[in-house]
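Let me begin by presenting the structure, written as structure tokens, before commenting on it.
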Amino acid sequence: MEGNRNCYSDEHYIPTFFYMLDPTGISNWSVTHVDWSEGKWHPKSYVRKDITYELMKNITSISENVHVTSDARKEVQINPCLWNGNQRPCYLFARKFLPEALDSLLQLYPNYTSI
């Protein structure tokens, strides 16, 4: 941790590697949704009761990337998620679903993907 900044190499290695190979071929934001709204050291963990159609719809409809800098200023940067110049949903994946949420996700998945 240099200058009071949090950086975990495992979360940056692959995107940095791909950027080095093809700077225009990779998104300039994370394609994995993580909910940091609780303001803790770890993101929100989704439990069984959190898994709803509305949650999935909310995650997949986000089309702007919000980044808060890790320096003392905590500057909020908001940018559209662009794929080949067109604004699109930002996230392909989501994380921090606890094992107890699996059955709810599996039950919801066929209904969500067919709508």
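The values are calculated or read from the model by the stated rules, or taken from the named source; none is laboratory data. If you're wondering where the values come from, they're calculated on a predicted model, not measured in any experiment. Here the Cβ is made from the backbone with ideal geometry for all residues, glycine too, and neighbour counts use every protein chain on show. The area values use the complete protein model at the heavy-atom level, side chains included, leaving out ligands, DNA and RNA. Shrake-Rupley method; radii C 1.70, N 1.55, O 1.52, S 1.80 Å.
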Just to be sure I understand the model, the point goes 7 Å from the Cα along the line to the Cβ. What's the resulting R73 to R48 distance in nm?
4.7 nm
Take E64 and Y109, extend 7 Å from each Cα along the Cα→Cβ direction, and tell me the distance between the two endpoints in nm.
3.2 nm
Give me the log10 of I(q) over I(0) for segment 26-115 at q = 0.13, 0.15, 0.20 Å⁻¹, as the Debye formula computes it from C-alpha points; what are the numbers?
-0.52, -0.68, -1.07
Surface share of carbon and sulfur [accessible, 1.4 angstrom probe, percent] for segment 30-111
55 percent
